[in-house]
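Visitor: Have a look at this one before I ask anything.
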Amino acid sequence: MEDEVRCLSHSQFGSPGDVVQLEKVKLSGELQEAEVYLKILASPVNPADLITITGNYAIKPLLPSVPGNECVARVMNIGSGVKNLSVGDLVVPFRSGLGTWRSAGVFNATDWFPVPHDLGTVEAATLTVNPTTAYRMLKDFADLKPGDTVIQNAANSAVGQIVLQMCRKWGINCIGVVRSRPDIDTLKAALKSLGAKDIFTEEEFATTDIFSDTLLSPKLALNCVGGESAENLLTHLAHGGTFVTYGCISKKPTTIPASVFIYRNIKCCGFWRTNWTSENHGSPERVRMLEEIVAMYQAGELQVPPTEFVPIENFREAFEGVQGKKCILTYE
């Protein structure tokens, strides 16, 4: 095996555009019996990846480091002892921190999960972070049944859009909150087409009386904004409901009055997908979840958010972001 690999790496923490460099390295030698050689086809750039590069994430990689936690890859060769994969398989990472921003690599075979050949490139490349985050938050924190209500802020985020679609599939009302913007009516219509029962701006949600209909009283609130937006979710959450925080994009603290706990018996929790993945690596539940999400894509019950493919040579463009789209690195 001999190949020239293009990869992104950084040897210090800092602003991604400043510290990440494009490198070319040689791969050579024979595969060990438990190893696979993969050609990586597409690798998403997620906010957590960029925060990790700054050194401000909960996990700090050893330096130098190749960033990236998601991708879709093709198996090009396998070691003599590999039983779970075959040459030609499409695979996605089964473990975080593998360093997926590279055109090819040699990895342990057990760290990869095969997906169907007819799964789209974007669907496969983005399978393991946002859809699993949405799935676990809807499954693990409240006993949701058809007709129940979930509320969420940042409803137009990648996770938020998947939450809307999963709620539609499972018969759950989902009411979303977004920041106001000039094209707000267009955005509201797009999110309702994904399954939202209603969409409010932050200002509208603060004063809405939609929950005077007790049948819509929310059992679960999903917060990734923090600050006043999170506090408004708490205000509308039903007695005995559950408030889950999985991000804080506003970087503002959330104030929770004692009455939320004492008089309304609300449970406040956090969710970190990386931790759940680590604790459930290889578990039957994790495999079942991934298979179910793949089946949703194949059945047309889920669609991916808008994406932009960016050649690895233009990686800084991907770091800066393309308005309203998730950026995915490519290697052709």
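The values are calculated or read from the model by the stated rules, or taken from the named source; none is laboratory data. In this text the structure is predicted, and so the values were computed from the model without any measurement. Note that each Cβ is placed from the backbone with ideal geometry, even for glycine, and that neighbours are counted across all protein chains shown. Side chains included, ligands, DNA and RNA excluded: accessible areas come from the protein's heavy atoms. Shrake-Rupley method; radii C 1.70, N 1.55, O 1.52, S 1.80 Å.
Visitor: So what's the convex hull volume per residue for the Cα atoms of region 226-332, in Å³?
Guide: Per residue, the Cα convex hull of region 226-332 comes to 188 Å³.
Visitor: Continuing with this model, one more query. Could you tell me the accessible area of ILE184 in Å² (1.4 Å probe, neighbours in place), rounded to the nearest ten?
Guide: The accessible area of ILE184 comes to roughly 30 Å².
Visitor: So, one more: Among SER80, ALA142, GLY105, whose Cα sits farthest toward the positive end of the charge dipole of the chain (+1 at Cβ of Lys/Arg, -1 at Cβ of Asp/Glu, about the Cα centre)?
Guide: So the residue we want is ALA142.
Visitor: What are the principal axis extents of the Cα atoms in region 55-119, in Å, biggest first?
Guide: Here the spans come out as 37, 27, 19 Å, largest first.
Visitor: Hey, what's the Kirkwood Rh for region 60-164 if you take every pair of different alpha carbons, in angstrom?
Guide: Over region 60-164, the inverse of the mean reciprocal pair distance is 15.9 Å.
Visitor: Which whole-number percent gives the relative contact order of the chain, counting Cα pairs below 8 Å spaced six or more residues apart?
Guide: 16
Visitor: Now a separate question. Cα centroid distance between region 1-28 and region 256-292, in Å?
Guide: 34
Visitor: What value, in deg cm²/dmol to 500, does the helix sum -39500 (n - 2.57) over DSSP H runs of n ≥ 4 give at 222 nm once divided by the residues of the chain?
Guide: Result for the chain, helices only: -8000 deg cm²/dmol.
Visitor: For region 135-203, what are Rg and Dmax over the alpha carbons, in angstrom?
Guide: Spelled out, the Cα radius of gyration and Dmax of region 135-203 are 11.5, 37 Å.
Visitor: Something else about it: Hey, what do the phi angles of region 93-98 turn into as Karplus ³J(HN,Hα) couplings, whole Hz, using 6.51/-1.76/1.60 and θ = phi - 60°, x for Gly and Pro?
Guide: Computed from phi, the couplings for region 93-98 are x, 9, 9, 7, x, 7 Hz.
Visitor: Leaving out ligands, DNA and RNA, what percent of the accessible area of the chain is carbon and sulfur, probe 1.4 Å?
Guide: Answer for the chain: carbon and sulfur cover 50 percent of the accessible area.
Visitor: Spelling out what I want: for every residue of region 172-182, take phi, set θ = phi - 60°, compute 6.51 cos²θ - 1.76 cosθ + 1.60 (Karplus), and round to whole Hz; glycine and proline get x.
Guide: For region 172-182, the Karplus-derived couplings read 9, 6, 10, 10, x, 10, 9, 6, 5, 7, x Hz, x marking Gly and Pro.
Visitor: Would you pull out the residues with amide H under 5 Å of VAL72's amide H, same chain only if 5 or more places away, H placed 1.01 Å from N?
Guide: LEU41, ALA42
Visitor: In the chain, with Lys and Arg counted as +1 and Asp and Glu as -1 at Cβ, which of these residues, GLN152, THR208, SER43, has the Cα nearest the positive end of the dipole, that is, farthest along it?
Guide: Farthest towards the positive pole: THR208.
Visitor: Further, regarding this structure: Assuming R0 = 22 Å, can you tell me the calculated FRET efficiency for the pair LYS83 and HIS117, based on Cβ-Cβ distance, to the nearest 0.05?
Guide: After rounding, the FRET efficiency stands at 0.65.
Visitor: Roll a 1.4 Å probe over the protein chains and send me the accessible area per residue for region 63-154 in Å².
Guide: Per residue, region 63-154 has an accessible area of 34 Å².
Visitor: Specify which labelled value, from (i) 74, 67, 44; (ii) 67, 40, 38; (iii) 62, 46, 36, agrees with Cα extents along the principal axes in Å derived from the coordinates of the model shown.
Guide: The value matching this structure is (ii).
Visitor: Just to confirm, what accessible area per residue do you get for region 241-332 at 1.4 Å probe, in whole Å²?
Guide: Heavy-atom SASA per residue in region 241-332 reads 56 Å².
Visitor: Trypsin sites (Lys or Arg not before Pro), restricted to region 100-182: which are DSSP loop and have at most 12 other Cβ atoms within 10 Å?
Guide: Hits after loop and neighbour filter: nothing returned.
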